[in-house]
Amino acid sequence: MTDKTRIALVTGANRGIGKEVARQLAQDHGVRVLVGPRSLHKGEAAARDLGPLARAVQLDVSDQASIDATFANITRTFGQLDILINNAGVDYDTDQQIQSADLNRVRRAFDTNLFGPWATTIAATPLLERSAHPRIINVSSGGGALTGMSAGTPGYGISKAALNALTIKTAAALKPKGVLVNAVCPGWVATDMGGGGRPVPQGAMGVTWAAMLPDTGPTGGFFRDGQPIDW
């Protein structure tokens with residue numbers, strides 16, 4: 001399978017890191033990219049920006065019916081999926097404290113930041129197992145690293161720590177199938193959620209790197225800029 005025939009699904013890809021990863025995959029690597037935000041209208045606008053290798057699909061990772069419909073569509077239309085990038089994430093809750101957090105709000109964050117990637121991984125696995133070069137990338141955060149974890153952003157940080165655990169377990173489970181599964185921290189990036197930091201393309205490059213790893217590449221790791229970082 002050549003890069004031009006690979007198909008990638010990027011969740012939450014209508015803006016920010018996800019859109020830039022989709023751009024890099026399509027324009028720099030010739031990968032056919034499925035742009036999967038909650039709003040089909042926003043996805044279609046992003047796909048037009050990204051060019052002929054991009055196509056929009058409506059996907060709300062917190063809604064099982066949406067996940068089921070999207071993967072049925074992918075299976076029916078393409079019959080394959082080679083790269084799953086679990087990028088959709090919500091609620092960088094700098095305004096909350098661990099001892100007074102709104103747990104309903106935290107549960108909503110977990111629905112998108114943990115259970116969403118878990119559900120899309122379950123749905124994607126049968127297709128990925130058919131691929132010659134299957135990859136799963138969970139877009140995580142250094143804020144979810146247990147090493148040096150601080151008190152801030154409790155819902156976001158703990159949900160990303162759980163996503164890291166999901167990465168390790170998924171990598172171990174799918175290693176016999178040749179699926180490379182890694183978590184990537186883009187760093188502090190100038191997105192709507194991040195609010196500052198380094199340019200979006202710089203942060204996205206680490207995610208693209210993990211998506212395009214050779215078959216001999218690492219699995220079950222946590223990376224930033226292509227380099228391992230502490231869990």
- Task: Specify which of the listed residues (ALA26, ALA45, ALA13) is closer than 19 Å to HIS133 by Cα and either crowded, with 22+ Cβ neighbours inside 10 Å or not β-branched (Val, Ile, Thr) (or both).
- Result: ALA26
- The lone condition VAL139 fails out of (1) within 25 Å of ALA13 (Cα to Cα); (2) touching a residue at least 60 places away in the same chain (Cβ under 8 Å); (3) over 14 Å from the mean Cα position of the chain (by Cα) is (3)
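Rule-based calculations on the coordinates, nothing more; no lab input. Owing to the predicted nature of the structure, the values given are computational and were not obtained by experimental measurement. Every residue, glycine as well, gets a Cβ built from its backbone with ideal geometry; the counts of neighbours run over all protein chains shown.
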